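The values are calculated or read from the model by the stated rules, or taken from the named source; none is laboratory data. Keep in mind the model is a prediction, meaning the values are calculated, not measured. Counting neighbours? That spans all protein chains shown, and the Cβs are built from the backbone with ideal geometry, glycine included. Areas reflect the complete protein model, heavy atoms only, side chains present, ligands, DNA and RNA absent. Shrake-Rupley method; radii C 1.70, N 1.55, O 1.52, S 1.80 Å.
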Amino acid sequence: MHRLSASELVVIWEQGVSQSPACRALCLLAAACPEETWESLCRLPIGERDGRLLTLRALTFGPLMSGFVACPQCAERLEFTFRADDLRSGKPAPGERAEMRLETGGFTLRFRPPDSLDMAAAESCPDVSRAKAALIERCLLSASKEGQKVSACDLPEPALEAMAGLMTQRNPQAETLLDMECPACSHRWLVVFDIAAFFWAEAAAQAHRLMREVHALARAYGWSEADILKMSAARRHKYLELIHG
């Protein structure tokens with residue numbers, strides 16, 4: 001894995017701007033991991049994928065991550081800053097990509113962790129309940145009770161919760177929660193931190209800045225996009241200073 005260059009960020013934005021969130025995450029990883037196939041990246045469990053995205057984000061933009069969130073109690077706007085390593089949930093459990101087996105409430109379940117293809121399918125659903133059902137149907141390999149097959153839609157909620165719990169245990173990086181406290185009203189709550197969405201927003205913003213710099217420098221000097229993007233950020237910014245006098 002290597003850090004993303006200026007030219008790669010622009011290409012990634014162009015490839016992913018009209019794609020789903022799951023595909024955008026893969027575009028970021030594919031550019032940084034040319035030795036891996038698209039198919040292999042698609043099949044990474046979400047916990048492993050997001051762990052790689054954390055690493056790539058730190059390589060590309062540095063270890064600190066800052067953002068804002070609104071308090072659900074009083075709407076106060078809170079700023080947060082974390083280091084990438086603070087968001088790591090430890091090493092994935094052995095066999096994180098392996099099928100899992102669970103016996104709960106008389107049911108025997110076999111299932112696998114969700115990957116980016118599963119997430120893309122869920123993202124295309126019209127509402128949260130259907131997205132959840134799509135994930136269960138795709139990840140559930142078999143279900144039975146007293147030797148009789150049971151369909152995914154017939155599983156009771158406690159069995160589904162136990163299934164989700166084991167998935168999270170095996171792939172802890174798949175769900176990162178931030179413990180927030182509002183200084184204005186002292187309300188405390190948990191925020192789900194989505195590294196794929198956060199990283200994409202930063203990459204897209206950087207691509208937009210780069211294209212504005214290309215536009216200004218090409219217009220002033222007649223240089224090509226490729227030559228401008230090959231420059232270091234320091235050189236580009238110095239030339240922009242000279243243009244604006």
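Summary of computed values
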| read-out | value |
| --- | --- |
| Output for the range 176-215, where each listed residue is open to solvent by less than 70 Å² (accessible area, probe 1.4 Å) and charged (D, E, K, R) | E202, E213 |
| Criterion (surrounded by 12 or more Cβ atoms within 10 Å (Cβ to Cβ) and over 30 Å from G105 (Cα atoms)) met by exactly one of L160, L240, L166 | L240 |
| Any hit, the range 219-236, residues being more than 30 Å from V17 (Cα to Cα) and either open to solvent by 50 Å² or more (accessible area, probe 1.4 Å) or among the aromatic types (F, W, Y) (or both) | no |
| Single match in L29, L4 (criterion: buried (at least 16 other Cβ atoms within 10 Å of the Cβ), free of Cβ contacts under 8 Å to residues at least 40 places away in the same chain and not hydroxyl-bearing (S, T, Y)) | L29 |
| Residue match in the range 75-89 (condition: open to solvent by less than 60 Å² (accessible area, probe 1.4 Å) and under 14 Å from R170 (Cβ atoms)) | yes |
| Residues that are touching a residue at least 12 places away in the same chain (Cβ under 8 Å) and exposed (fewer than 13 other Cβ atoms within 10 Å of the Cβ), drawn from the range 119-141 | S124, L141 |
